[in-house]
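Peer 1: Below are the structure tokens for one structure; questions will follow.
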Amino acid sequence: MEMKGKVRRLVGSGSTDEIFAAALEQGMRTLRQDGIRLCLAGVSSLDEVRRVTGDRMV
């Protein structure tokens, strides 16, 4: 993801939560979201997404 706008301004002065929220607003996809996209495309499995993201709620 390209650092631009609000994300760029927050780096160095904002909290990680603020930076994460700004990145989501700019269209960033989380690792889990991208993993689910790959599952739906038949490229990966939910087990693999769970293993990589550590998320048991997928």
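Peer 1: Of all residues in the stretch 41-57 being surrounded by 15 or more Cβ atoms within 10 Å (Cβ to Cβ) and among the hydroxyl-bearing types (Ser, Thr, Tyr), which is farthest from Lys6 (Cα to Cα)?
Peer 2: Ser44
Peer 1: Give the residues of the stretch 10-41 that are more than 18 Å from Asp55 (Cβ to Cβ) and among the small types (Gly, Ala, Ser), sorted by residue number.
Peer 2: Within the stretch 10-41, Gly12, Ser13, Gly14, Ser15, Ala21, Ala22, Ala23, Gly27, Ala41 meet the criteria.
Peer 1: Please name all residue pairs, on different chains or six or more residues apart, with Cβ atoms under 9 Å, provided the first residue is in the stretch 1-14 and is aliphatic (A, V, I, L, M) and the second residue is surrounded by fewer than 12 Cβ atoms within 10 Å (Cβ to Cβ) and not in a loop (DSSP other than H, G, I, E, B).
Peer 2: Taking only residues 6 or more apart or on different chains, the pairs are Val7/Glu25.
Peer 1: While we're on this one: Out of Glu18, Glu2, which single residue is of a type outside the set (A, V, I, L, M, F, W, C) and either touching a helix residue (DSSP H, G or I) at 6+ places or on another chain (Cβ under 7 Å) or part of a helix (DSSP H, G or I) (or both)?
Peer 2: Glu18
Peer 1: Just one of (1) more than 16 Å from the chain's Cα centre (by Cα); (2) exposed (fewer than 15 other Cβ atoms within 10 Å of the Cβ); (3) at pLDDT 95 or above trips up Leu38, so point out which.
Peer 2: With respect to (1) more than 16 Å from the chain's Cα centre (by Cα); (2) exposed (fewer than 15 other Cβ atoms within 10 Å of the Cβ); (3) at pLDDT 95 or above, Leu38 is out only on (1).
Peer 1: Quick one: in the stretch 21-35, which of the residues that are outside any helix (DSSP H, G or I) and within 11 Å of the chain's Cα centre (by Cα) is surrounded by the fewest Cβ atoms within 10 Å (Cβ to Cβ)?
Peer 2: Step by step, filter the stretch 21-35, then rank; the result is Gly27.
Peer 1: Hey, another quick one. Return yes when Asp47 is of a type in the set (Asp, Glu) and not in a loop (DSSP other than H, G, I, E, B) and no when it is not.
Peer 2: Against the criterion (of a type in the set (Asp, Glu) and not in a loop (DSSP other than H, G, I, E, B)), Asp47 qualifies.
The values are calculated or read from the model by the stated rules, or taken from the named source; none is laboratory data. What you see is a predicted model; the values in this text were computed from it and never measured. With ideal geometry, Cβ positions are generated from the backbone for all residues, glycine too; neighbour counts draw on all protein chains shown.
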